[in-house]
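Take a look at the structure set out below.
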Amino acid sequence: MNLPLHMVRPHDRRAFLYTIGLIASAAATKGALFGSARRVPYFDAYPFQLGVASGDPDHESVVLWTRLAPDPLQGGGMPLEPVEVRWRICADEGMQREVRKGTVIARPEWAHSVHVEASGLQPDRWYWYQFKVGNEVSPVGRTRTTPLPNSTPDQLRFAFVSCQHYESGLYTAYEHMLREAPDLVVHLGDYIYEGKTGDSQIRKHSSLECISLDDYRNRHALYKTDPALQAMHAGAPWLLTWDDHEFDNNCAGDISEELHVAPQPFLKRRALAYKAYYEHMPLRASSMPRGPHMNLYRRVPYGRLADFWVLDTRQYRSDQPCDDGNKPPCEAVFSADGTLLGREQRDWLMKGMDRTHAKWNVLAQQVMMGRVDRKVGPEIAYSMDQWPGYEAERRQLLKYFAAKRAQNPVVIAGDIHTNWANELGPDYDDLRGAVVATEFVGTSLSSGGNGVAAPKDLDKLHSENPSVKFHNAERGYVSCTVTPKQWRSDFRTVEYVTRPGAPINTRASFIVEDGRPGLQRA
Ligand code: FE
Ligand code: CA
């Protein structure tokens, strides 16, 4: 099933009210301002078919994103020249009380994407924004700044999500998320899948595996044409990090899962994937890629209530040990050279957590930290693509949590298309030690198609892994409500993803109390 294009309509084109003076001065001074004349392009089709997005908010600014793409699935359809885009941000939904405005150049070398860092905003409040090019206006997006750095807000409501394979399911869960009106959406990776089109899927990638820059751009554009995804982007600011499929399945640093691929061509391809990723996400200029490198790890504070430590466990990791897969731990698992974070990111994280006063420290990252035995019976098998494949670094981090230099560590993860609530401790998996942190792993939004509430051998999984307090294999996302006294996670699941209109359920809810790591059923 292919969704029709042109589904996205601006809420109200008349809402984009320019003063006569602004039109006149822009027309008269455009050449003088930017050094070369830029004609206003005529568009055969609506140029904002990919919608709008915002992200990486702080207490006085936020990134506003769009990309001009009248022909989004075939390279974008823009002329190979820079185009001036106007933007404005307002204090009201009706776009009457303008707070800031400006112009930005959409450049062909960046696929006519724009990333505006709108600043001078008030802390802890909603804003509405819109773009205009020529006579065309974008949909109106809603975004929010974070509270002042030294304030302690009463509450933060955010949702986290991952793994939105386009072919295997509809994004109905985003429709439910939008109704919850979260302050923030955190995406933990697999925003796109790079693979070729598959059989018996409900909608199609319609292309081969992504290799070229155009491939990755068209794939991002295809995903962004989904109306539910667009609406959620237009409904709240997002914090994003990637996992493997934004580039290549199970990649580890410069090492491909395919043995015949050498590091150099692999890094060349990574540069293209990272560039297309940046072009399509509301990221700050500090994340602009340089060749095959792109800085995605960052701290995003929400007043003193929470620090989001957004991590990148793909770009700097060492190769999966023991030939990847679910394996009994071989010697390499315990090697001090094994790393998911890389030394620089790990030092940054631990030094940063030493200094923070945040009540909750959220590790927003890709892969499960819980050491879960995935093999039924006396044999043991851990996932070598996740933290248990990198046990030395995993224990280093858990021992750091045990030292309590940062308050209330909570790990959030995605990647494995299933829900998990886990208790974490350096020795907790064999029940000798204390719980020092709590982990919530969110299921996929759509990847894997319709799920099941109780996966096979669920009882055995629980009896062999007492640190796992909940496991489920439906599709959905996790909603979190965070106050100074407690953290609450609701596992939200949809009943199906292969046809529209799925209702939503809350499959389980857990509370973590301030100062008391571990899970309590809500
Ligand atoms: Fe995935
Ligand atoms: Ca076992």
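Tell me which lysines have Cα within less than 18 Å of K399's Cα, excluding those fewer than 8 residues away on the same chain? Candidates past the 8-residue exclusion: K351.
To the nearest 20 debye, what is the magnitude of the charge dipole of the chain about its Cα centre, counting +1 on the Cβ of each Lys and Arg and -1 on the Cβ of each Asp and Glu?
Working: 62 positive and 64 negative charges, 351 e Å.
With Lys and Arg at +1 and Asp and Glu at -1, about 1680 debye.
Label-to-label distance, R507 versus S286, with points set 7 angstrom from Cα along the beta-carbon direction: 3.6 nm.
Apply 1/(1 + (r/R0)^6) to the Cβ-Cβ distance of T197 and A392, taking R0 = 56 Å, and write down the FRET efficiency to the nearest 0.05.
Calculated value: 0.90.
Rounded to the nearest 0.05, what FRET efficiency is calculated for K404 and R488 with R0 set to 22 Å and r the Cβ-Cβ distance? After rounding, the FRET efficiency stands at 0.50. The packing ranking of peptides 169-175, 214-220, highest mean first, is 169-175, 214-220, where packing means the average number of other beta carbon atoms within 10 angstrom of each residue. Across the alpha-carbon set of the chain, the Rg to Rh ratio works out to 0.97, Rh being the Kirkwood radius. Distance between the 7 Å Cα→Cβ label points at L267 and R125: 4.8 nm. Straight-line cross-link reach from K132 at under 14 Å between alpha-carbon atoms covers these aspartates and glutamates, not counting any fewer than eight positions away in the same chain: D12, E84.
For a straight C-alpha distance cut-off of 25 angstrom, the lysines reachable from K375 (same-chain residues fewer than eight places away being disregarded) are K327, K456, K460, K469. The residue among L461, P227, A53 whose Cα reaches farthest toward the positive pole of the charge dipole of the chain, with charges on the beta-carbon of Lys, Arg, Asp and Glu, is A53. Please say if region 415-522 is rounded, prolate or oblate, where rounded means a/c under 1.5 for a ≥ b ≥ c the square roots of the C-alpha gyration tensor eigenvalues, and otherwise the choice is prolate for a/b larger than b/c and oblate otherwise? Because a/c hits 1.5 or more and a/b fails to exceed b/c, region 415-522 counts as oblate. In this label model, V40 and A454 are separated by 6.3 nm, measuring between points 7 Å along each Cα→Cβ vector. Per-peptide packing, taken as the mean over residues of other Cβ atoms within 10 Å, places 389-397, 147-155, 465-473, 407-415 in the sequence 407-415, 389-397, 465-473, 147-155 from highest down.
What full-extension length gain, to one decimal in nm, is calculated for R97 and E258 as 0.36 nm per residue of separation minus the Cα-Cα distance? Display every interim value, and only then the final one.
On the way: separation 161, 0.36 × 161 = 57.96 nm, distance 5.45 nm.
Going from the current span to full extension adds 52.5 nm.
With a sphere of radius 11 Å drawn around the Cβ of G352, what net charge do the other residues whose Cβ falls strictly inside it have (Lys, Arg +1; Asp, Glu -1)?
Numbers: positive: R298, R299, R346, K351, R355, R405; negative: D307, D347, D354.
With Lys, Arg at +1 and Asp, Glu at -1, the neighbours total +3.
With R₀ set to 35 Å, the beta-carbon distance separating M350 from E495 gives a calculated FRET efficiency near 0.25.
Just so you know, all these numbers are worked out from the coordinates, no wet-lab data involved. Computed from a predicted model, the values in this text were never measured in an experiment. Please note: Cβ atoms are built from the backbone with ideal geometry, for glycine as well, and neighbour counts cover all protein chains shown.
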